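The block underneath contains the structure these notes are about, expressed in structure tokens.
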Amino acid sequence: MPHIQLNNDAPGIRSLVLFRPDTGKPLYELAQALLRAGSPDSTLSDAERELIAAYVSNLNRTDFCMNSHAAASRYLFGEQATVVDQTLQNPETAPISAKLRALLTIAERVTADARTVSDEVVAAARAEGATDGDIHDTVLIAASFSMYNRYVDGLATLTPEDPAAYTAMGERMGTLGYALPKSN
């Protein structure tokens, strides 16, 4: 049960965006910019961006965000959807590129304590082909999703337990992106 009266039955952040569209709109715009557009010199795919968001949410133990962004990543990966769960279980053994693995290390450090993003971990990502845009976007996705996770969990929003709910969310996010939901 949410800590505040939201006056809607939407799950997760959607309920908060409906509650406060004035703050929700820029949050959704940021998600759209990070997870779909990216910086001009970034080589990350939308599926990889969603995977970074799911990975950070998994580290933060925010089930709603982890499940919804994992579902979006699975949808975007298509036939290679199993890579999402393998990465969330163990990025070291998952069938992902060395570049993405190095970027997940950066994301993990941002999530735990951003001051631990060292020259060495950035150099390791660069050595695997990460661009400045890839590094920038990874840091901003990790920082933003740590905030989104705390927002969702801090207000105890509804977290569906039915996996089918996330499949539908993932398809919506994968096709429509982050459009402001309509009021109930």
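The values are calculated or read from the model by the stated rules, or taken from the named source; none is laboratory data. It should be emphasised that the depicted structure is a prediction, and the values quoted were computed from it without experimental measurement. Note that we place each Cβ from the backbone using ideal geometry, even for glycine, and neighbour counts take in every protein chain shown. What goes into the accessible areas is simple: the full protein's heavy atoms, side chains included, and nothing from ligands, DNA or RNA. Shrake-Rupley method; radii C 1.70, N 1.55, O 1.52, S 1.80 Å.
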| Going by alpha carbons, how many degrees (0 to 90, nearest 10) lie between the helix axis of 21-32 and the longest principal axis of the chain? | 30 degrees
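Filter the trypsin sites (Lys or Arg not before Pro) in the range 1-105 to those in DSSP coil with at most 15 other Cβ atoms within 10 Å of their Cβ, and list the result. Don't jump to the answer; show the numbers that get you there.
Details: sites: ARG14, ARG36, ARG49, ARG61, ARG74, LYS99, ARG101; in loops: ARG61.
Those satisfying the criteria are ARG61.
So between SER97 and GLU128, what do we pick up on full extension, going 0.36 nm a residue minus the alpha carbon distance? Present the calculation step by step, with values, prior to reporting the outcome.
Working: separation 31, 0.36 × 31 = 11.16 nm, distance 0.85 nm.
Result for the pair: 10.3 nm of gain on full extension.
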| said: At R0 = 41 Å, how high is the FRET efficiency between THR82 and GLN5 if r is their beta carbon distance? Nearest 0.05 is fine. | reply: 0.50
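Please identify the GluC sites (Glu not before Pro) of the range 3-96 that satisfy two criteria: DSSP loop assignment and at most 14 other Cβ atoms within 10 Å. Which are they? The partial results should precede the final answer.
Details: sites: GLU29, GLU48, GLU50, GLU79, GLU92; in loops: GLU92.
Loop-located and lightly packed - GLU92.
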| field | Of the GluC sites (Glu not before Pro) in the range 123-184, those whose Cβ has at most 10 other Cβ within 10 Å and which sit in DSSP loop | value | GLU161
| query | In square angstrom, what is the accessible area per residue of the chain with a 1.4 angstrom probe? | reply | 50 Å²
| said: Students often get this wrong, so try it: which of (i) -0.30; (ii) -0.38; (iii) -0.42 is log10 I(q)/I(0) by the Debye sum over Cα atoms at q = 0.09 Å⁻¹ as calculated from the structure shown? | reply: (i)
| request: Sum -39500 (n - 2.57) across every DSSP H segment of at least 4 residues in the chain, then divide by the residue count to get the 222 nm mean residue ellipticity, nearest 500. | output: -20500 deg cm²/dmol
| task | Note down the nm distance, to one decimal, between modelled labels 7 Å out along Cα→Cβ at SER118 and at GLU29. | result | 3.9 nm
